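The values are calculated or read from the model by the stated rules, or taken from the named source; none is laboratory data. Because the structure is predicted, anything quoted here is derived from the model rather than measured. With ideal geometry, Cβ positions are generated from the backbone for all residues, glycine too; neighbour counts draw on all protein chains shown.
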Amino acid sequence: MKNLYIVLFSLVLVACGNSEKNNEAVEEVHADSNEMLVTKQQFEGEQMAFGTVSEQVFSETVKANGMIDVPPHNRSSVATFIGGYVTKTPLLIGDRVKKGQLLVTLENPEYVEIQQNYLEVAEQLSYLKSEFNRQETLYNENITSQKNFLKAESAYKSNLALYNGLRKKLQMMNLNPTLVEQGQISSTINLYAPIAGNVTKVMVSNGSYVSPSDTIIEIVDTDHIHLELSVFEKDILKIKKGQDILFTIPEATDSIFKADVHLVGTTIDETNRRVKIHGHIEEGQAQFVVGMFAEANIVISNVNRMALPKEALIEAEANFFVLVLKNETANEYQLEKIKVVKGLETEDFVEILNSEDLKNKRILTTGTYMLLNEGGGGHDH
């Protein structure tokens with residue numbers, strides 16, 4: 001019985017020893033994660049591929065931001081210089097209007113008074129003109145005094161100025177002075193579209209009172225939209241007319257659109273130390289909306305750099321690595337993880353600043369993500 005206890009104790013010790021050795025072996029496997037084995041069957045099945053660093057064209061850019069806008073003459077805020085009550089508003093936001101189209105009708109008793117004043121002045125003008133001509137003739141024939149002539153001249157010219165002023169006022173109210181002189185007096189006036197475009201704001205409703213300082217309707221012509229950007233003072237000397245602009249509308253799409261620098265501002269905003277850049281957008285790219293926020297890169301030069309596809313890079317703990325072929329057997333590839341330093345980037349490629357470390361090396365450029373997905377079927381060494 002004693003001998004049986006000794007044998008059992010010995011077996012326990014052996015088992016514990018083997019367990020510790022297995023644990024040590026597992027630790028050795030994971031302690032060095034800089035190498036990885038991939039079977040050739042897995043390599044082909046996952047359509048992996050090797051590549052090398054190659055020369056690619058990169059653009060040096062200046063970052064800018066701004067918005068989609070239109071030139072000042074393509075935006076119009078419709079107002080009236082004489083207040084009134086709204087009697088007709090046929091338009092809604094988004095409606096397309098033509099130049100000269102009716103926008104709103106206003107009513108005010110003051111409009112009637114202005115027309116009555118014009119009629120009175122017009123009637124007086126006819127008499128004063130006749131009197132001025134009569135006094136001028138008498139004065140030239142030395143029949144009347146210079147005093148009488150000058151008095152008639154002053155009265156006529158003063159009334160003429162008043163007449164012309166009221167006539168202009170009627171025209172600004174879109175009232176025809178000729179019709180008013182014929183006795184056609186109206187208590188309403190119409191406001192018309194000064195430009196063609198889309199209605200972007202309607203600030204009134206039927207029955208509301210509009211003051212002379214109030215904006216009634218805003219119209220924007222989007223046929224000539226542009227980019228209104230701003231760049232920091234430190235970058236302004238790099239910007240030149242004609243340079244390409246690549247921009248995105250981050251709140252709407254991931255697509256990249258094209259424009260070019262048309263004007264470079266000549267003054268600096270004292271509050272944010274930025275300079276305005278005016279860019280022309282290439283036609284036919286998208287249906288942009290005025291006011292959209294834009295993020296842009298202005299291309300100041302193109303340079304050639306050694307690069308790899310972005311897919312080749314592995315990110316781990318704020319560093320970047322690539323998998324390089326270290327050894328090849330009949331059935332396996334042995335890959336080694338090498339740290340790289342990123343530089344310039346394009347949509348598909350990234351500059352490798354330490355490309356000399358990868359010279360003449362075969363690098364896993366396709367299928368890297370498969371190995372990162374729970375080991376991807378490969379195993380560490």
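In this structure, does V86 turn out to be in a strand (DSSP E or B), farther than 30 Å from N302 by Cβ and either within 22 Å of the chain's Cα centre (by Cα) or not assigned by TED's automatic domain parsing to the domain that holds V350 (or both)?
It is true that V86 is in a strand (DSSP E or B), farther than 30 Å from N302 by Cβ and either within 22 Å of the chain's Cα centre (by Cα) or not assigned by TED's automatic domain parsing to the domain that holds V350 (or both).
Taking the stretch 248-265, which residues are assigned to a loop (DSSP other than H, G, I, E, B), in contact with a strand residue (DSSP E or B) (Cβ under 8 Å, 6 or more places away or on another chain) and over 15 Å from S59 (Cα atoms)?
Answer for the stretch 248-265, where residues must be assigned to a loop (DSSP other than H, G, I, E, B), in contact with a strand residue (DSSP E or B) (Cβ under 8 Å, 6 or more places away or on another chain) and over 15 Å from S59 (Cα atoms): I249, P250, E251, D254, S255, G265.
If a residue has to be in contact with a helix residue (DSSP H, G or I) (Cβ under 9 Å, 6 or more places away or on another chain) and not in a strand (DSSP E or B) to count, how many in the stretch 216-247 make the cut?
Qualifying residue count for the region: 5.
For the stretch 48-71, how many residues are closer than 30 Å to H224 by Cα and surrounded by 14 or more Cβ atoms within 10 Å (Cβ to Cβ)?
10
Out of the residues in the stretch 151-176 meeting the condition of being among the hydrophobic types (A, V, I, L, M, F, W, C) and assigned to a helix (DSSP H, G or I), tell me which one is farthest from N117 (Cα to Cα). Lay out the reasoning, then the answer.
Here is the first cut: in the stretch 151-176, the residues among the hydrophobic types (A, V, I, L, M, F, W, C) are 152, 155, 160-162, 166, 170, 172-173, 175.
Subset that is assigned to a helix (DSSP H, G or I): 152, 155, 160-162, 166, 170, 172.
Details: A152: 21, A155: 17, L160: 13, A161: 13, L162: 10, L166: 8, L170: 11, M172: 16 Å.
Among those that are among the hydrophobic types (A, V, I, L, M, F, W, C) and assigned to a helix (DSSP H, G or I), it is A152.
Is it the case that Y111 is out of contact with any His (no Cβ under 6 Å at 6 or more places or on another chain), in a helix (DSSP H, G or I), more than 27 Å from G197 (Cα to Cα) and at pLDDT 90 or above?
Judged against the criteria, Y111 is a match.
Only one of F247, F257, F288 is crowded, with 17+ Cβ neighbours inside 10 Å, in contact with a Lys or Arg (Cβ under 9 Å, 6 or more places away or on another chain) and either hydroxyl-bearing (S, T, Y) or on the phi < 0 side of the Ramachandran plot (or both); which?
Exactly one residue qualifies, and that residue is F247.
Taking the condition of being among the hydroxyl-bearing types (S, T, Y), farther than 21 Å from H280 by Cβ and touching a Phe, Trp or Tyr at 6+ places or on another chain (Cβ under 9 Å), how many residues in the stretch 186-236 meet it?
5
Could you tell me which residue of the stretch 362-376 is farthest from V340 (Cα to Cα), considering only residues that are at pLDDT below 60 and out of contact with any Asp or Glu (no Cβ under 8 Å at 6 or more places or on another chain)?
E374
Within the stretch 177-198, track down each residue that is out of contact with any helix residue (DSSP H, G or I) (no Cβ under 9 Å at 6 or more places or on another chain), surrounded by 13 or more Cβ atoms within 10 Å (Cβ to Cβ) and assigned to a helix (DSSP H, G or I).
L179
In the list V104, V121, V97, V112, which residue meets the criterion of being of a type in the set (A, V, I, L, M), touching a Leu at 6+ places or on another chain (Cβ under 6 Å), in contact (Cβ under 8 Å) with a residue 40 or more places away in the chain and closer than 27 Å to I216 by Cα?
Working: V121 fails: closer than 27 Å to I216 by Cα; V97 fails: touching a Leu at 6+ places or on another chain (Cβ under 6 Å); V112 fails: touching a Leu at 6+ places or on another chain (Cβ under 6 Å).
Among V104, V121, V97, V112, only V104 is of a type in the set (A, V, I, L, M), touching a Leu at 6+ places or on another chain (Cβ under 6 Å), in contact (Cβ under 8 Å) with a residue 40 or more places away in the chain and closer than 27 Å to I216 by Cα.
Just to check your reading of the model, which residue among I268, I338, I298 is closer than 17 Å to E228 by Cα and in a strand (DSSP E or B)? Outline the logic, then answer.
On the way: I268 fails: in a strand (DSSP E or B); I338 fails: closer than 17 Å to E228 by Cα.
Result of the check over I268, I338, I298: I298.
State yes or no: is E136 at pLDDT below 90 and either over 27 Å from T87 (Cα atoms) or touching a Lys or Arg at 6+ places or on another chain (Cβ under 6 Å) (or both)? Show your work before the answer.
Numbers: at pLDDT below 90: yes; either over 27 Å from T87 (Cα atoms) or touching a Lys or Arg at 6+ places or on another chain (Cβ under 6 Å) (or both): yes.
Here the answer is yes, as E136 does meet what is asked.
Here are Q135, Q124, Q115, Q101: which of them is in contact with a Phe, Trp or Tyr (Cβ under 6 Å, 6 or more places away or on another chain) and surrounded by 12 or more Cβ atoms within 10 Å (Cβ to Cβ)?
Matching residue, one of Q135, Q124, Q115, Q101: Q135.
Within the set of pairs 6+ apart or on separate chains, which have a first residue in the stretch 215-227 that is more than 17 Å from A196 (Cβ to Cβ), a second that is of a type in the set (S, T, Y), and C-beta atoms under 8 Å apart?
Sorted first by the residue in the stretch 215-227, then by its partner, the pairs are T215/S77; I216/T80.
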